[in-house]
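FYI, it's all coordinate maths here, none of it is from the lab. What you see is a predicted model, and the numbers here were worked out from it, not measured in a lab. Positions of Cβ are backbone-derived with ideal geometry, glycine not excepted, and every protein chain shown enters the neighbour counts.
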Amino acid sequence: MSSTTKGIILAAGKGTRLMPATLPAPKPLLPLYDKPMIYYPLEALIRMGIKDILFIVQQDDLSTFQNTFGSGEHVGLNFSYEIQKIQRGIADAYFIAENFLQKSPSVLALSDNVFLGKNYFEYANQAMDKMKNVGGSVFGLPVPDPEKFGVIEFDSNDKIIGIEEKPKNPKSNLIIPGMYFLDSEAPLHAKTLKPSPRGELEITDLIQIYLQNNKLDLQKLDASIIWHDTGNAEALLSASLKVKQYEIDNNLKLGSYEIAAYENKFIGIDDLEKIANKFDKSDYGQSIKKYLKHL
């Protein structure tokens, strides 16, 4: 088993709830405020120190993603691409990523899930540490409507004792949002899964295996963390406005994976200046130039 954690971004959704906006462009590349929504989970993976990242995409979108992100060399990273031929659920990502992972632990991020909050990256790194110590880790996020999601039941020591999918009477208000921290056994466990009644390999079923094997830890997110699942037009607009206001209030640029690569010393200042010049006429490019001036 490799000790190097790798990243996976599942970006193969058809975006049917966002049509016709997704007819000319894949859903993960639609703008969330001033950058593609996939930039946000990509930044998170980089801030965890992850250098090897796999994009799982649809066949028709492969060239678009490759043209957008390339090999990752421009930010000192290694980007790979695989195709999800059939929509088989989130856990299918571990089938597709098996050769890429080469028995490495991984962090799987959903391309349409966005987290805001000053402590978010710290929590993500803590969750990764828990995975390395135990085998698997998930976020526990408090929400007002847990019955719509996979709900975590936990004891007084924050130990997970159960997970229920969309329960009528939730045992807590903590749900599992779209980022999963699993060890090298994830592809092997995924192969034992059977499709759910809706015909998908459910990520909650995979997480249950880790729970049954006593290899699952919980990383609670506090109420300061705002989570957006940008699956429809209203949610995408709401998230865009929240990101804009968050950036203004905190005087920072969210989702800039290039700045994240620089701050993790994957690239130097000259490389970041080249990126800023590439986007010179956009607000995004100007924000990188503003960042550079304050170094």
Worksheet entry | Computed Rg/Rh of the chain, alpha carbon atoms with Kirkwood Rh | 0.95
Discussion item. Helix-only mean residue ellipticity at 222 nm, the chain, DSSP H runs n ≥ 4 weighted -39,500 (n - 2.57), per residue, nearest 500. What is it?
Written reply: -10000 deg cm²/dmol
Worksheet item: Could you give the semi-axes, largest first, of the ellipsoid that matches segment 58-172, computed as the square roots of 5 times the alpha carbon gyration tensor eigenvalues and rounded to whole Å?
Response: 30, 18, 15
Practice prompt. Would you mind calculating the relative contact order of segment 6-293 from Cα pairs under 8 angstrom and at least 6 residues apart, reporting the percent as a whole number?
Written response: 24
Worksheet item: If you line up the long axis of helix 283-293 against the longest principal axis of the chain, both from Cα atoms, how many degrees apart are they, to the nearest 10?
Response: 80
Fill in: Cα-based helix-to-principal-axis angle, 269-278 vs the chain, degrees rounded to 10
80
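Summing +1 for each Lys or Arg and -1 for each Asp or Glu, what net charge is found among the other residues whose Cβ lies under 11 Å from the Cβ of residue 196? Don't skip to the end; give the middle numbers.
Numbers: positive: 88, 194, 198; negative: 165, 200, 202, 205.
Computed value for this residue: -1.
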Discussion item. Pairs of alpha-carbon atoms within less than 8 angstrom and 6+ residues apart define the contacts here; what relative contact order does segment 52-131 have, in percent?
Written reply: 28
Worksheet item: Can you list residues whose amide H is under 5 Å from residue 32's amide H, if they're 5+ apart or on another chain and H is modeled 1.01 Å from N?
Response: 37
Worksheet item: Ordered by residue, what ³J(HN,Hα) values in Hz, to whole numbers, does segment 158-163 give under the Karplus form 6.51 cos²θ - 1.76 cosθ + 1.60, where θ = phi - 60° and Gly and Pro are x?
Response: 6, 8, 5, 10, x, 9
